[in-house]
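The values are calculated or read from the model by the stated rules, or taken from the named source; none is laboratory data. As the structure is a prediction and not an experimental result, all values here were calculated from the model. Here the Cβ is made from the backbone with ideal geometry for all residues, glycine too, and neighbour counts use every protein chain on show. When the accessible area is computed, the model is the full protein with side chains, heavy atoms only, and any ligands, DNA or RNA have been set aside. Shrake-Rupley method; radii C 1.70, N 1.55, O 1.52, S 1.80 Å.
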Amino acid sequence: MQITSIVAIYALFWVMCAFLLLPFGVKTHDEAGVEKVPGQAESAPVHFRPGRLSFKATLLAAVLTALFVANYTQQWITVEDIDLLGQMGPD
């Protein structure tokens, strides 16, 4: 596997992880007991920390990419293992 492929897979995992981690650990103003600004959305977070989110997404994406590359080289799970309908017989 080329390094450019690994970087592209890491970038895809990073974006996916960032979106998956967004709702965790978020408190709204009502939950935190803080006064809202007039016109503010009800679901707006009190303290949004993009640096912390980026760090968590970076770690999780690195682990997932490492597992993906290890599976690619060791072939623990192949396409034949995922074939649930039995339509992909050996050629």
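Within segment 40-68, work out how many residues are open to solvent by less than 80 Å² (accessible area, probe 1.4 Å) and part of a helix (DSSP H, G or I). I'd like the intermediate steps shown before the answer.
Here is the first cut: in segment 40-68, the ones open to solvent by less than 80 Å² (accessible area, probe 1.4 Å) are 40-41, 44-46, 50-51, 53-54, 57-58, 60-62, 64-66.
Narrowing further to those that are part of a helix (DSSP H, G or I): 50-51, 53-54, 57-58, 60-62, 64-66.
Of the residues in segment 40-68, 12 are open to solvent by less than 80 Å² (accessible area, probe 1.4 Å) and part of a helix (DSSP H, G or I).
Filter segment 23-39 down to the residues that are part of a helix (DSSP H, G or I) and either open to solvent by less than 70 Å² (accessible area, probe 1.4 Å) or under 29 Å from Ala11 (Cα atoms) (or both) and list them by number.
Residues of segment 23-39 that are part of a helix (DSSP H, G or I), as a first pass: 29-32.
Those that are part of a helix (DSSP H, G or I) and either open to solvent by less than 70 Å² (accessible area, probe 1.4 Å) or under 29 Å from Ala11 (Cα atoms) (or both): His29, Ala32.
Within segment 40-59, the set of residues being in contact with a helix residue (DSSP H, G or I) (Cβ under 9 Å, 6 or more places away or on another chain) and farther than 29 Å from Tyr10 by Cα comprises Gln40, Glu42, Ala44, Val46.
Please go through segment 78-88 and give me each residue that is of a type in the set (A, V, I, L, M) and either assigned to a helix (DSSP H, G or I) or exposed (fewer than 10 other Cβ atoms within 10 Å of the Cβ) (or both), ordered by number.
Taking segment 78-88 and keeping what is of a type in the set (A, V, I, L, M), we get 79, 82, 84-85, 88.
Val79, Ile82, Leu84, Leu85, listed by residue number.
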